[in-house]
Structure formats: C-alpha cells, structure tokens
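Working notes for the structure below.
The values are calculated or read from the model by the stated rules, or taken from the named source; none is laboratory data. Quick caveat: nothing in here was measured; it's all calculated off a predicted structure. Quick reminder, even Gly has a Cβ in these numbers, built from the backbone with ideal geometry, and neighbours come from all protein chains shown. For the accessible areas, the whole protein counts, side chains as well, though only heavy atoms, and no ligand, DNA or RNA atoms are used. Shrake-Rupley method; radii C 1.70, N 1.55, O 1.52, S 1.80 Å.
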Amino acid sequence: MELQSFFKNSVVVDNRALNGRSTKSFLNENQWKPITEKLQPGDYVFIEFGHNDEKIDKPATGTSLVQFKANLSKYVLETRDKQAIPVLLTPISRRSFKDGKLIDTHGGYPNATREVADSLKVPLIDMLIKTEGLLNQLGDKASIKLFNYVDSGHVNYPTGKKDDTHLSPDGAKTIAGLVVEGVKELKLNLAKKLK
C-alpha cells in the first residue's frame, strides 16, 4: 500500500493484493484475469504469495508445493505473454519469536518461489531474507511497531488487535522500502523512476 510513495508520478502502482488469498484462491475468485486483461507491454507485475498457500488444512486456499509452483509459473508466463515483466517476491516474515529467536513459519513456500524464479529466469526479491534480517535486528519487542497492534477502542478493532502477520502503516512503509531496495539491487529499469 505504501509503494507508490517511493516512485515518481509517472509510475502508477495498481495494488491488487487481497487479504487471505493464495495462488489458488486468487485464480479461483477470478482476481488474476482482470490483471492480465489490463497489462501493457513493459508493465511490471510484482507477484508475492505463500502466507495462505501454506494453509493446507483449508482446501479452498491451501496448495501443495507442487501446485504452488505451477500457479506461480502460470502467473509468470501469462505476464510475459503480455510483454510485461514479472518479478517474484518471497513472503515476508511473520513476527514469530520464541524465546527471543525468530522462527520461520512458511515451510517450503519461500524456497519454492526461489526455484520458480531460478527455473524461469524471473527477477526475485527475497523479502523473507530481508524481513527476517529487519526483525532480528529490531528484536521481539521493538518489532511490534511494524505490525497491526492496536488497543481496544480503535475504530476498526473495538476490542483491539494483536496481529503478527499484517503490517501497521509504519510497517507497510518500512517493508515497501525493502521492496524498493530489491528493485535497486536487481537494477530493474523501474529503479530509474524512483524519487
């Protein structure tokens, strides 16, 4: 949601991300087709899934690693069919500390993303590594500020909320900054349009 603020006005960020969606449910709910229909040559498509694909106990959402890779490949190939540029991102880390140590909650999904990026020669921003580094640097308590923690009485959360997956406004800005760092590291042409 904060990515636009890093770019010049000549770049329009069209954020189609939806909470709770996986590579499977995003397709099944017909969220992908409108994206491909609108794509123009040279557009960038940032593709990040994994948080919900890993919920294999939920058949409408969860995917096996094999299906996850097949779905990511579909997104990549259909983006390229429109002469647009796919960029894969691994999922960001959840704030999941145990005894002061950050625990990975994503299983094989980040590595599956890396494998698709490698096999299809797709630029990859490894957001898991970037966010794990940030959370480890901040530590358990200080990293709370990046996530959706609100006291009771909040307009959207009357009873309060402690969410270690979704980001606070400050967290969204910080994580968008890590995406921008990845854009620069990959030397994507898009980097020329950064403020």
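Here are a few things to note about the model shown:
- Within region 9-30, the set of residues being under 16 Å from the mean Cα position of the chain (by Cα) and farther than 30 Å from Lys195 by Cα comprises Gly20, Arg21, Ser22, Thr23, Lys24, Ser25, Phe26.
- Count of residues meeting criterion [under 9 Å from Asp140 (Cα atoms) and either touching a helix residue (DSSP H, G or I) at 6+ places or on another chain (Cβ under 8 Å) or among the hydrophobic types (A, V, I, L, M, F, W, C) (or both)] in region 94-116: 4
- Of the helices (runs of 4 or more DSSP H) lying entirely inside region 1-110, those containing at least 2 residues that are touching a Ser or Thr at 6+ places or on another chain (Cβ under 9 Å) and touching a residue at least 40 places away in the same chain (Cβ under 8 Å) span 23-28, 65-81.
- Extreme residue, surrounded by the most Cβ atoms within 10 Å (Cβ to Cβ), among residues of region 37-54 that are closer than 13 Å to Arg16 by Cα and within 14 Å of the chain's Cα centre (by Cα): Phe49
- Looking across region 141-174, the residues that are at pLDDT 85 or above, open to solvent by 50 Å² or more (accessible area, probe 1.4 Å) and closer than 21 Å to Leu18 by Cα come down to Tyr149, Lys162, Leu167, Pro169, Asp170, Lys173, Thr174.
- Leading residue by the ranking (surrounded by the fewest Cβ atoms within 10 Å (Cβ to Cβ)) among those in region 55-92 that are at pLDDT 95 or above and among the acidic types (Asp, Glu): Asp81
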